[in-house]
Amino acid sequence: MDALKGIGFLLKHPRLWPLALVPGLIASVLYLVLGVLGWQRYGAGLEEGARLAAFLLYLVLFPFAFYLLSSSFLGIVFDPLSKETERLLGGSLPTCPLSFWQLFGDTCKRLVLNATIALVALGLGAVSGPLAPVLGALGAGVISLLDYTSPAFLRRGLTLGAQVQKLRKKPDPHIVSFAIVAGLLSLIPFVGLFLAPGLIVGGTLLARRQLS
């Protein structure tokens, strides 16, 4: 599985660690700060029973909401890590630079798409009962597939629309397995943030093979 291979590849190459550590550390601090501020704002004044319910809701929804917002920027934030991964894999490094506005437009499209997927998953989950976690995981899987592979696609000048077409034209069991594993890992509080750099490496491995 490319998701697990990416994590292993990152652990075996210390020269990648600085490129993975800084963005991951920033995201972890932001995650913690937003969680604490949200709890102080909405949870501190509740009664004991309501506070427990709010805390459980926070554990379920906040990781997904934070991942929804942050994943849209993965292609830009982790591009140096993805680029160095391709250098280590050998061969020529493809470069087809996009303008600032092209990158900005692509990020906005990803944010809208991720928000749409999340709202659909949450809406269907609200009426489906026991299927809610499954729908959430499916939504996170689609988002993970598109966002963790995005640096390699953007480096080749392929924005969201072209990326989706490329992935659809070459169906591959690796695509499904990556989406499932990365989506599930991304929903685990802190674990998803900690493993995000490894999943970026795994997404680079998957995209590189799909585009070869």
Task: Accessible area, probe 1.4 Å, largest first, for residues GLU84, GLU48 - done: GLU48, GLU84
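Taking the Cβ of LEU103 as the centre, find all other residues whose Cβ is under 12 Å away and add up their charges (Lys, Arg: +1; Asp, Glu: -1).
Every neighbour counted, the sum reads +1.
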Open item on the list: Multiplying the sequence separation of LEU32 and TRP17 by 0.36 nm and subtracting their Cα-Cα distance, what value in nm do you get?
Closed with: 3.2 nm
Open item on the list: Please report the accessible area of LYS5 (heavy atoms, 1.4 Å probe, ligands and nucleic acids excluded) in Å², nearest 10.
Closed with: 120
- [ ] State whether segment 19-92 is rounded, prolate or oblate according to the following rule on the C-alpha gyration tensor (a ≥ b ≥ c being the square roots of its eigenvalues): a/c under 1.5 gives rounded; otherwise a/b larger than b/c gives prolate, and the remaining case gives oblate.
- [x] prolate
- [ ] Would you calculate, for the chain, the mean residue ellipticity at 222 nm contributed by helices, counting each DSSP H stretch of 4 or more residues as -39,500 (n - 2.57) and dividing by all residues, to the nearest 500?
- [x] -26000 deg cm²/dmol
Task: Mean accessible surface per residue for the chain, computed with a 1.4 Å probe while every protein chain stays in place, in Å² - done: 54
Open item on the list: Quick check: Cα centre of segment 79-141 to Cα centre of segment 159-212, how many Å?
Closed with: 8
TODO: Tell me the label-point distance for the pair LEU93, TRP39, using the 7 Å Cα-to-Cβ offset, in nm and rounded to one decimal.
DONE: 4.1
Open item on the list: Using +1 at the C-beta of Lys and Arg and -1 at the C-beta of Asp and Glu, which of ILE143, PRO63, SER177 has the Cα lying farthest in the positive direction of the dipole of the chain?
Closed with: SER177
TODO: Please get the size of the charge dipole for the chain, origin at its Cα centre, with Cβ charges of +1 on Lys and Arg and -1 on Asp and Glu, quoted in debye to the nearest 20.
DONE: 700
Open item on the list: Let me cross-check TRP17: its accessible surface, 1.4 Å probe, with only protein heavy atoms counted, in Å² to the nearest 10?
Closed with: 120
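With all protein chains present, how much of the accessible area of the chain (probe radius 1.4 Å) comes from carbon and sulfur, to the nearest whole percent? Kindly include the intermediate steps, with their values, before the conclusion.
Details: 8490 of 11370 Å².
Reported share for carbon and sulfur atoms: 75 percent.
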- [ ] For LEU93, LEU119, LEU57, write out the residues from largest to smallest accessible area, computed with a 1.4 angstrom probe and no ligands counted.
- [x] LEU119, LEU57, LEU93
Task: Label of the coordinate-derived value, Rg/Rh (Cα atoms, Kirkwood Rh), listed as [x] 1.03; [y] 0.96; [z] 0.99 - done: [z]
Task: Using a Förster distance of 45 Å, the FRET efficiency for PHE104-LEU46 (Cβ separation, nearest 0.05) - done: 0.70
Open item on the list: Could you sort VAL201, VAL134 by their accessible area in this structure, using a 1.4 Å probe and putting the largest first?
Closed with: VAL134, VAL201
Task: Length-normalised contact order of the chain in % [C-alpha pairs under 8 Å, at least 6 apart] - done: 37
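The values are calculated or read from the model by the stated rules, or taken from the named source; none is laboratory data. Treat the numbers as computed from the prediction; the structure is a model and nothing was measured. In this analysis, Cβ positions are derived from the backbone assuming ideal geometry, glycine residues included, and neighbour counts consider all displayed protein chains. Ligands, DNA and RNA are stripped out before the accessible areas are found, and what is left, the full protein with its side chains, is counted by its heavy atoms. Shrake-Rupley method; radii C 1.70, N 1.55, O 1.52, S 1.80 Å.
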